[in-house]
1. Go over the candidates L278, L218 one by one and state the one that is over 19 Å from S95 (Cα atoms), crowded, with 24+ Cβ neighbours inside 10 Å and touching a residue at least 40 places away in the same chain (Cβ under 8 Å).
2. Considering only the stretch 126-145, I want to know if a residue exists there that is of a type in the set (S, T, Y), in a loop (DSSP other than H, G, I, E, B) and either surrounded by fewer than 20 Cβ atoms within 10 Å (Cβ to Cβ) or touching a residue at least 24 places away in the same chain (Cβ under 8 Å) (or both).
3. In the stretch 1-113, which helices (runs of 4 or more DSSP H) lie fully inside it and hold 1 or more residues that are of a type in the set (S, T, N, Q) and touching a residue at least 40 places away in the same chain (Cβ under 8 Å)?
4. Conditions: (1) more than 30 Å from V216 (Cα to Cα); (2) within 29 Å of the chain's Cα centre (by Cα); (3) at pLDDT 95 or above. T549 meets all but one. Number of the miss?
5. Please find, within the stretch 373-400, the residue that is farthest from V244 (Cα to Cα) out of those that are part of a helix (DSSP H, G or I) and not hydrophobic (A, V, I, L, M, F, W, C).
6. Picking from S422, S458, which residue would you name as being farther than 21 Å from G618 by Cα and hydroxyl-bearing (S, T, Y)?
7. In the stretch 367-392, what count of residues is obtained for those that are closer than 30 Å to A454 by Cα and surrounded by fewer than 17 Cβ atoms within 10 Å (Cβ to Cβ)?
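The values are calculated or read from the model by the stated rules, or taken from the named source; none is laboratory data. The structure presented is a predicted model; accordingly, all values stated were derived computationally and were not measured. Cβ placement follows ideal geometry from the backbone for every residue including glycine, while neighbour counts extend to all protein chains displayed.
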Amino acid sequence: MIAELGHFALILAFGVALIQALVPLIGAARGWAGWMAVGEPAASAQFLLIAASFGALTYAFVTSDFSLQLVWANSHTDKPLLYKISGVWGNHEGSMLLWVLILALFGAAAAWFGGALPPSLRARVLSVQAMIGASFLGFILFTSNPFTRLAQPPFNGQDLNPLLQDPGLAFHPPFLYLGYVGLSMAFSFAVAALIEGRVDAAWARWVRPWTLAAWVFLTIGIALGSWWAYYELGWGGFWFWDPVENASFMPWLLAAALLHSAIVVEKREALKSWTILLAIMAFGFSLIGTFIVRSGVITSVHSFASDPERGVYILAILGVFVGGALTLYAARAGAMQAKGVFSMVSRESALVMNNVLLAVAALVVFVGTIWPLVAEMFWDRKLSVGAPFFEKAFTPFMIALAIILPIGAVMPWKRGSIIKASQPLWGALVLALAVVALVWAVGTDRSAVALVGAGLGSWLVFGALAELWLRAAHRPARLLRLPRADWGKATAHAGLGVTFIGIALLTAWDMEDIRVAQVGEPFTVRGYEITLDKVEQIEGPNYLSTTATMTLREGGVVTAVLHPEKRVYPVQAMPTTEAAIDYRFTRDVYLVIGDAQDGGGWAVRTYIKPFANWIWAGCMMMALGGLLSLSDRRYRVAAGARRSAAPLAATPAE
């Protein structure tokens, strides 16, 4: 009965979304206040109905209602409660329901907190958001119904993919979807502004908080996925340039460009057309990612490889929304003339360069991701584009970005001098060069990757600190009185630098050792003494585990006792590797237990991973920087917009 109520709530949400998509839009065009006001209660109702539907599906998973085909295919009575809940979105149908729930949440948030927006703009934003919601609700109801019943319910289910039965993967998809789907708000604001024919500083102030929130969530989601791949898959890597990884990375790059571009619109009334285009393409690449994950056109261990018919539906949604928005963009190009002018040496120019580098980097990732599909379609050739291509094609743009970022942050608006603006950064440059010298001194292989990466990362960190010192007018007491947005920007830029350092030193200095280890006999890897004490068979809640006990000594002192595992999940007959990691500030010791050997002993892989944790620490610093900026009252939707809301509302649409 509860499942049927959830299905009925989803159908009602589809109807409400259609009303929300049409009525406020017509009202805004005719100037009918009553019709425009329909958008707000409709957005709230749509969210509540989808939340009720999602709750019904969650209840079915928690209670192991195997009469639902989705629960039977993705759950099991012996599965821990956390993974019963995460199983709701660990499949195509359930994850799409989470997708539309988050989409409705953002639309409802715009209704709840958008009181400062002009009524016509708010109505159009809510209508565009509802159009997206209605299209995906239709996709769920007609092609991917999560509430399909089985005629003869089985006694137990087929269990969730064992790789997804992990805390990291339980929280990774919701954060990723909050970022993916959150970019729909930037898209809705862009299309609404194009319909009205007006893009100005107030519009940029309104769109930035939504974009920033989506970017923060996307940063956290990508970091969680990277960390999961590092410790769960047993290979010690943090990024594989997998198509699904790239699908989340491309919107992240474009959202970062959009954030910086909106600053120019807000401060200088310039780059309007470019900012609107970025808002369209950022969400467009989110839809491309949805297509890649769910169409089955590209093989990936992360994808929901569904039937091609579903992929065609998503491709149609992509074509309608992105194609329609770009058509409207072309028609309104004349209404987005820039007012501000600036010289080649200015903060505006630095932000333009920032945008170009981020956009081209996203294009490089897109080409590398989609090229195997293009080659197979047009030339019938099987191609594989792997890490070497991405590292060679993508890295130069990130190097250039890291060089200009600290300089652009201290450059004055409109016109400036590189020499004069760079003076506060001389200390940062000296400290960065000192770090390069230190890396050179301790590096055993004199790796250029370590030198360049550590130098650029240190330049970003010290440059961010120098910018804070400059904004405080070289007075320590004024640092605490700086706006949180300034602290947020510095924290995010420094976080990017910390990630640069972690990636560079890990790439240059990591070490792998593969051997047959005998029980009780120690072996040494890069100065660390490791002893395989015992191997035993342990039964888990829904798996069988071969668990090793290994002692790690450094300088003769025991620093950790680790328990790497090799699990087998009987229901799906699938083995998984559970690495054991000793996390430290400057290194990880990473152990993996393999199979028993015929001549005695066990296969053991040991990785020494220098500065691995700095990668995810830097990502969390970037997310924290975004949250600090978002907490600044000047960057919230209701702040800064009230002054211009009244005159904008009185201005007729062009």
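1. After ruling out the rest, the residue left standing is L278.
2. yes
3. By residue number, 2-30, 39-62, 69-74, 81-86, 92-113.
4. Condition (2) is where T549 drops out.
5. By that ranking, first place goes to P396.
6. Working: S458 fails: farther than 21 Å from G618 by Cα.
None of the other options fit; the residue is S422.
7. 7
Residue-by-condition table, conditions (1) modelled with pLDDT under 90; (2) within 26 Å of F462 (Cα to Cα); (3) of a type outside the set (S, T, Y):
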| residue | (1), (2), (3) |
| --- | --- |
| M353 | no, yes, yes |
| A359 | no, yes, yes |
| V367 | no, no, yes |
| I370 | yes, no, yes |
| A375 | yes, no, yes |
| D380 | yes, no, yes |
| L383 | yes, no, yes |
| A387 | yes, no, yes |
| A409 | yes, yes, yes |
